[in-house]
Amino acid sequence: MIGLGQRIAHVLAAMAEVGWALDVAAHVDPDPIGAPILEAAGIDAGAALPSVQALIAEGPFDLLMIGSPNHLHFEHLNAALDAGWPVFMEKPIVRTEDETLALARRLAAGDAPPVYVGLVMRSMSIVREVIRRIDSGELGEIVSIDATEHLHPEHGGYLARNWRRRQAWGGSYLLDKVCHDFDIFGRIAGARPARVASFGGRRIFHPDRAGEPRAYDDGAPAYAMFGAGWSGADDAFTSDMDVADHQTALVDYANGVRLSFHANSHTALQERRWYVAGTRGTLIADLVRNRLIVRGVLAHGRPERIDYGGRTADNHNGADQAMARDLRAALAGEAAFPVTPWDSMEAGLTVMAIDRAMAEEAVVDCAPMWSGYDAARAAPSAG
Ligand SMILES: NC(=O)c1ccc[n+]([C@@H]2O[C@H](COP(=O)([O-])OP(=O)(O)OC[C@H]3O[C@@H](n4cnc5c(N)ncnc54)[C@H](O)[C@@H]3O)[C@@H](O)[C@H]2O)c1
């Protein structure tokens, strides 16, 4: 493991839970914040090694897992690709447009080992069903999509204190938090964004609001539930955060599908919901309650409602275990992993264009970005 943080520890715990025979050889992490999670799951973290080079020298391994902060992904992934063993890589696979183009060139060279990206929503039963319904044509042509992700104040407070608060480490609020969703939106739309617009910023976790109440109405302390971790800040309101804490976006896909998106990191009513309107049917995927609702536009009967259940406190609702099964099947050559590094790069570029639109306060034409990306894919180099 490169980066034994909370995420990789949870993924490993899920792998153990679904029956992987795990033998963790070694890890590299200056301050492994995920170690207690691993210990609680009864998994030995293996040897603590001082550098990625020292880890690679101990190989070969069946799998290298990368769970470092986002700004280190490009460097760590390249080291893993040089080693040539299969890689499980947390999202976002890389943090900037330049890194995306360089990675695209590298992967297009064709000599890379498999790279499995932790876009975990792809493994969820409800998401698989959404994709199946879209592909079956049941909804007709997709016309427009409305989507949200609204977080509990504790989650927002964590983002404002953790390394994700800085663009230089996390990229952006949307890149770190909702590249999952934009991966699926692109799959539902069946096209790449042509134009994007976005508004957002930092208004909630802002020094001007530092005097706001710091306790819930039952007396429990607020904004302090999770430890801030690597390079963490003490206070959610007065930290040096330079990413947004709320953001809206409009996307015009190349085939005419339109999407509006709204994210807020400090809400009383948590929501992650996709509303997909097609010419023949409408679908609501409620990812918090793990519930799918579908009805034909000319149907008068009750909507079809599928409750997937299995809600868990981490909001992942069993997705980690499903991904662990997918990963095992992929490594055994039994099934393709549900998402590719290309999907991940395209979701990342989509979000980066949205962030650029927010920063420039302008509608961004995505065509030059996609032609640069396609050129990188078409002109591979080994470096
Ligand atoms: N797929 C998901 O649902 C999901 C959920 C959470 C996080 N993530 C992703 O997982 C990754 C890790 O996030 P996290 O929440 O576990 O963060 P975290 O802060 O809990 O863990 C990051 C770890 O990286 C370590 N680290 C820092 N510098 C390092 C270096 N030079 N070499 C090796 N390790 C180093 C830190 O000490 C820390 O232990 C991020 O890319 C994040 O976007 C994905």
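The values are calculated or read from the model by the stated rules, or taken from the named source; none is laboratory data. No experiment lies behind these values; they were computed from the predicted model shown. No Cβ is skipped: glycine too gets one built from the backbone with ideal geometry, and neighbour counts run over all protein chains shown.
I'm trying to understand the selection: among the residues of segment 1-32, which are surrounded by 20 or more Cβ atoms within 10 Å (Cβ to Cβ), part of a loop (DSSP other than H, G, I, E, B) and touching a residue at least 40 places away in the same chain (Cβ under 8 Å)?
Met1, Gly3, Leu4, Gly5, listed by residue number.
Given the criterion at pLDDT 95 or above and over 30 Å from Gly309 (Cβ atoms), identify the matching residue among Val87, Val117.
Numbers: Val117 fails: over 30 Å from Gly309 (Cβ atoms).
Unique residue meeting the criteria: Val87.
Output yes when any residue across segment 146-153 is part of a helix (DSSP H, G or I) and either within 15 Å of the ligand (Cβ to nearest atom) or in the same structural domain as Glu346 (by TED's automatic domain parsing) (or both), and no when none is.
Our first condition is that a residue be part of a helix (DSSP H, G or I); within segment 146-153, this holds for 153.
Remaining after also requiring either within 15 Å of the ligand (Cβ to nearest atom) or in the same structural domain as Glu346 (by TED's automatic domain parsing) (or both): 153.
There is at least one residue in segment 146-153 that is part of a helix (DSSP H, G or I) and either within 15 Å of the ligand (Cβ to nearest atom) or in the same structural domain as Glu346 (by TED's automatic domain parsing) (or both).
Which of (1) near the ligand (Cβ under 7 Å from one of its atoms); (2) in contact with a helix residue (DSSP H, G or I) (Cβ under 8 Å, 6 or more places away or on another chain) is the odd one out, the single condition Ile8 does not satisfy?
(2)
Which of the residues that make up segment 33-75 are touching a residue at least 60 places away in the same chain (Cβ under 8 Å) and closer than 21 Å to Arg95 by Cβ? If you could, list the steps in order and put the result at the bottom.
Quick first cut of segment 33-75, residues touching a residue at least 60 places away in the same chain (Cβ under 8 Å) only: 33, 62-72.
Scanning segment 33-75 gives Ile33, Leu64, Met65, Ile66, Gly67, Ser68, Pro69, Asn70, His71, Leu72.
Out of Val363, Val351, which single residue is assigned by TED's automatic domain parsing to the domain that holds Gly186 and under 27 Å from Ala268 (Cβ atoms)? Reasoning before the result, please.
Numbers: Val363 fails: under 27 Å from Ala268 (Cβ atoms).
Exactly one residue qualifies, and that residue is Val351.
Could you count how many residues in segment 208-263 are part of a loop (DSSP other than H, G, I, E, B) and charged (D, E, K, R)?
Filtering segment 208-263 for residues part of a loop (DSSP other than H, G, I, E, B) gives 210-214, 216-220, 222-245, 254-257.
Filter once more, keeping what is charged (D, E, K, R): 212, 214, 217-218, 234-235, 240, 242, 245.
Count: 9.
Out of the residues in segment 55-78 that are under 16 Å from Pro341 (Cα atoms) and assigned to a helix (DSSP H, G or I), state the one that is farthest from the ligand (Cβ to nearest atom).
Ranking the candidates gives Asn78 first.
For Ala26, indicate whether it is more than 7 Å from the ligand (Cβ to nearest atom) and either assigned by TED's automatic domain parsing to the domain that holds Arg164 or closer than 16 Å to Val87 by Cβ (or both).
Values: more than 7 Å from the ligand (Cβ to nearest atom): yes; either assigned by TED's automatic domain parsing to the domain that holds Arg164 or closer than 16 Å to Val87 by Cβ (or both): yes.
When the stated conditions are applied, Ala26 passes them.
Given segment 279-383, what strands (runs of 3 or more DSSP E) lie entirely inside it while holding 2 or more residues that are modelled with pLDDT of 95 or more and buried (at least 22 other Cβ atoms within 10 Å of the Cβ)?
On the way: elements: 281-286, 291-296, 304-307.
Passing ranges, in order: 281-286.
What residue, among those in segment 214-263 that are more than 16 Å from the ligand (Cβ to nearest atom), hydroxyl-bearing (Ser, Thr, Tyr) and over 18 Å from His150 (Cβ atoms), is modelled with the highest pLDDT?
Across segment 214-263, the extreme among qualifying residues is Tyr253.
Against the condition within 12 Å of the ligand (Cβ to nearest atom) and part of a loop (DSSP other than H, G, I, E, B), how does Ala45 come out, does it pass?
Working: within 12 Å of the ligand (Cβ to nearest atom): yes; part of a loop (DSSP other than H, G, I, E, B): yes.
Criteria met by Ala45.
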